[in-house]
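Below is one structure; the comments refer to it alone.
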Amino acid sequence: MSLYFCLRETADITAFLAGASPLQPEPVSVSAALGRVLAADMHAPVPCPSTHRSTRDGYAVRAADTAGANPAAPVLLHLTGESPMGRPCGGTLQKGEAWRVYTGSTLPEGADAVLMQEFAALKDQPAESKDAPPVVAASAPCAEGENILAPGADMPQGTLLAQAGTRLGAHHMALLAQFFRDVPLYRKPVLGVLSTGDEFCGSALQSGLAACQSNTNALLLEGLAASLGARCLHLGTAPDNAQALGQHLRAAVPGGPTPCDVIVVIGGSSGGRRDFSAQAIAGLPGCNICGNDQRVSSGRPLTLARVGQTAIWGLPGHSLSLALAAQVFLAPLLQRLAGQQTLPQHMNRQPSVLARLGLALPVEGNAPTHYPVMLRREHGRVTAWPVAAGTGKTAVLRDMNGWITMPGSDDMSRGGLRRGAAVRVHLFA
């Protein structure tokens, strides 16, 4: 048995995760798309901008009309129109004319430059010429194309705006909203959480502390689901009874009143007299048991099953085991269902940091092994310390920052990792 707490990634788990596919897409308003995942590549349907636009406040002109203008001898142009913001211009600029424009205004036909307002002075006509348009005195010449954004200069039609599998941030929303009202997003996975244990099914709890104790693991999973863009549905608490546990589970599988995409059963996963999780899961109609392996977590088994497209996990009630299994195994499953695994690998990588290993770690068999670690800054560098095996203290949840993965012996040329070796620590979500 390992001296340090660990999870072993068996072939059953690897295959179970690889078999998950993204959920069906649905149209969602761009304003509600934050944190959701795109189900299709999004391309600009039109060029941006779609027309010639001004990049300055000033006057739309013909560049040739301003030739030779200077402060001592300004060129006079008749002000015959205005292009307001946010509306099509719909006019034509004639020779010797100017139109008032603003940053972002559409230019009138015939204009090929914008004279900045700093180089223009508006002059009223004499009283006897009150019907004549005002005059713009240009004190500097303009070059053709000056202060103009041509159609497609920002983004040509067909430009890739965001790739399928992108988890949308605020900057993606701002970009997509220029072209679309709705976008196709993968449906949010629904994570059903079912707690077990007679100790949590008695009379109403009297204190806030006791209530907190009964919900610790469920709250951990709810927080993880929220951080990954999934929705958590609490399925209640079942006593240590296979029949009662089965009733709770049947409500959450396909065809039940509260169907979920993933169900996690917390506790009752060992082989004791009051451990019924694996039995209740196996008893579900149409259930396919994909794995029930004692080697996964220091003697704490993990059950994998499917009913239709619903994945069912039996996880231990031990807080450290649950926290690590949820981060290492459950999080990638939720990400795959939400469509986040369709991007290239370098864009899906879990946030991580480099650290030095605080002590030597031997190879733990042929399978990859995951160790929870605490990060400490020591002697000017970050050191990762694996957690001792057998710890039952929930305070370790405060100290755990992430985990490291040790390849199996088939992938290691030496006997393990030496103290001080550089390791990549995957940070908890």
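Rolling a 1.4 angstrom probe over the protein heavy atoms with all chains in place gives the chain an accessible area of 48 Å² per residue.
Label-to-label distance for residue 92 and residue 418 is 8.3 nm, based on points extended 7 Å past Cα in the beta-carbon direction.
Modelled spin labels at residue 360 and residue 14, positioned 7 Å past Cα toward Cβ, are 2.7 nm from each other.
Taking every DSSP helix (H) stretch of at least 4 residues in the chain, weighting each as -39,500 (n - 2.57) and dividing the sum by the residue count yields a mean residue ellipticity at 222 nm of -4500 deg cm²/dmol.
Remark: the stretch 1-150 projects, on average over all directions, an area of 18.2 nm² (convex hull of Cα atoms).
Here the peptides 65-78, 136-149 are ranked by packing, the mean other Cβ count within 10 Å, and the order with the highest first is 136-149, 65-78.
Which of these values of Cα Rg over 2.2 N^0.38 Å was calculated from the structure shown: (i) 1.48; (ii) 1.14; (iii) 0.99? Computed from the coordinates, Cα Rg over 2.2 N^0.38 Å corresponds to (i).
In whole percent, what relative contact order does the stretch 25-181 give with Cα contacts below 8 Å and a gap of six or more residues?
Once normalised by length, the contact order is 40 percent.
Using a cutoff of 8 angstrom between alpha carbon atoms and counting only pairs six or more residues apart, the relative contact order for the chain works out to 19 percent.
The values are calculated or read from the model by the stated rules, or taken from the named source; none is laboratory data. From a predicted model like this one, the values you see are computed outputs, not experimental measurements. All Cβ positions, glycine included, derive from the backbone under ideal geometry; neighbour counts span all protein chains shown. Protein only, heavy atoms only, side chains kept; ligands, DNA and RNA dropped before computing areas. Shrake-Rupley method; radii C 1.70, N 1.55, O 1.52, S 1.80 Å.
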